[in-house]
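FYI, it's all coordinate maths here, none of it is from the lab. Owing to the predicted nature of the structure, the values given are computational and were not obtained by experimental measurement. Here the Cβ is made from the backbone with ideal geometry for all residues, glycine too, and neighbour counts use every protein chain on show.
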Amino acid sequence: MHARVVAATVVAILGTAVLLSPGSDARAGDAGEPTVIAHRGASAYAPENTLASIDKAAKLGFSWVENDVQRTKDGKLVVIHDDSLQRTTNVEQVFPGRAPWKVKDFTAAEIARLDAGSWYSPAYAGTRVPTLQQYMRRVEHNHEKLLLEIKNPELYPGIEQQTLKLLGNEGWLDHKHLGRLIVQSFSADSIRTVHKMKPAITTAYLGSPTAAQLHQYARFTDLVNPSYGSLSKAYVAAVHTFDGPHGKPLRVFAWTVNDAATACKVAGYDVDGIITNKPDVVRTALGSD
């Protein structure tokens, strides 16, 4: 029988403890060390989610970067993590009377005026919040691969369709680019929508579904990406038991790992990828320099 059916049957009959037995060594992906993904770019060394951050990742020799996509008041897609502009820009100084400074309450032109680098370091003064179009063009220029997170989709109805349209317009939905793209979200509904609209895209769910739920997620997601603190070797093995919508075992990217000891521990769980603000530290810890 299909691995998904077998695993679901085991769960149903014997409970999740069997699926999570430490003896399971199911493994997905290529042999060797986990893929290292630069979280919000090389965000320990440059302001997060900026062009400077993905440029830094490229200079450090990393091909995979991660970002967050949200939408402005006038319907433009921008790359920023928080739903507020407050933490990573000078919005309080530029627009002092507009608290709580939500992304969705500002136009793209207003956001383009903001300094998104000085909060991190004076060396990055004048850095801007990139639009998704600007970001995709820099990723292409750098020959990088992208783990794109649809952030807070409940705030932005239709953002999945809009994101896919932009990706298509930028040439990122052809066969060559699909191998360099993963779309993820904390919202299962959002990822289900992406899969339904463009089944060829590799998708990832951010979270830790129970073993009993994994067969449901395997219908629309190719990866399960949990916080490293919620992981165990047994859970990773359970995820690997299931085949995703493209007929390959589900993979696991763990986030956000920033020190050598944790990187080695998480790699020992047989994860397929490690998402990190310090990709060089993880690479060195795993001996892949």
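Using the average count of surrounding beta-carbon atoms within 10 Å as a protection proxy, the listed peptides 223-229, 137-143, 267-273 rank, highest first, as 223-229, 267-273, 137-143. Of all DSSP-defined beta bridges confined to the chain, some 20% are antiparallel rather than parallel. The stretch 134-164 and the stretch 235-289 have Cα centres spaced 22 Å apart. Mean sequence separation of contacting Cα pairs (under 8 Å, at least six apart), scaled by the length of the stretch 187-289, corresponds to a relative contact order of 21 percent.
Radius of gyration (Cα atoms) of the stretch 91-239, expressed as a multiple of 2.2 N^0.38 Å: 1.22. Counting 0.36 nm for each residue step from Arg87 to Phe186 and taking away their Cα separation leaves a gain of 33.5 nm. Mean projection of the Cα convex hull over all viewing directions, computed for the chain: 15.2 nm².
Quick one: in the stretch 52-135, what % of C-alpha pairs are over 19 Å apart? Percent of Cα pairs beyond 19 Å in the stretch 52-135: 36. At q = 0.09, 0.12 Å⁻¹, what is the base-10 log of I(q)/I(0) for the stretch 158-283 according to the Debye formula with one equal point scatterer per Cα and no solvent? Please give it to two decimals. With one equal scatterer per Cα and no solvent, log10 I(q)/I(0) is -0.26, -0.46. Largest mean-square fluctuation among Pro122, Pro130, Pro249, in a Gaussian network model of the chain whose springs join Cα atoms under 10 Å apart, belongs to Pro122.
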